[in-house]
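Structure first, then comments.
The values are calculated or read from the model by the stated rules, or taken from the named source; none is laboratory data. If you're wondering where the values come from, they're calculated on a predicted model, not measured in any experiment. Heads up, the Cβs are rebuilt from the backbone with ideal geometry, glycines too, and the neighbour counts pull from every protein chain shown.
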Amino acid sequence: MTTETLLPTLKKIVKPYVQDEKAFNNLTEKTDFVTDLKINSANLVDIVLDVEDEFNIEIDNESMEKMLSVKAAIEIIKTKVSEK
């Protein structure tokens, strides 16, 4: 599972929660969910739940707290999928 294959799926998951459409259209690994996309903390939890469902993984609280950027989310997804 590569970043290139994960990014489109992650974008699909994040899109409903995005408050800054312009930032979303320029989404990269460096994009921060809160600062750039203006996603609030309640919606971050929704994103984590959606990621868990999409990839059939379980994200622990420690990982959830780190999942604040696209890059962090991708790394966590890769790690959790490889642990299955």
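Quick look at the values:
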| quantity | calculated |
| --- | --- |
| Residues of the range 55-81 satisfying the condition of being in a helix (DSSP H, G or I), without any contact (Cβ under 8 Å) to a residue 60 or more places away in the chain and over 11 Å from the mean Cα position of the chain (by Cα) | Phe55, Asn61, Glu62, Ser63, Glu65, Thr79, Lys80 |
| The lone exception for Asp53 - which of (1) among the acidic types (Asp, Glu); (2) in contact with a helix residue (DSSP H, G or I) (Cβ under 6 Å, 6 or more places away or on another chain); (3) modelled with pLDDT of 95 or more it fails | (2) |
| Val45, sole failed condition from (1) under 12 Å from the mean Cα position of the chain (by Cα); (2) surrounded by 13 or more Cβ atoms within 10 Å (Cβ to Cβ) | (2) |
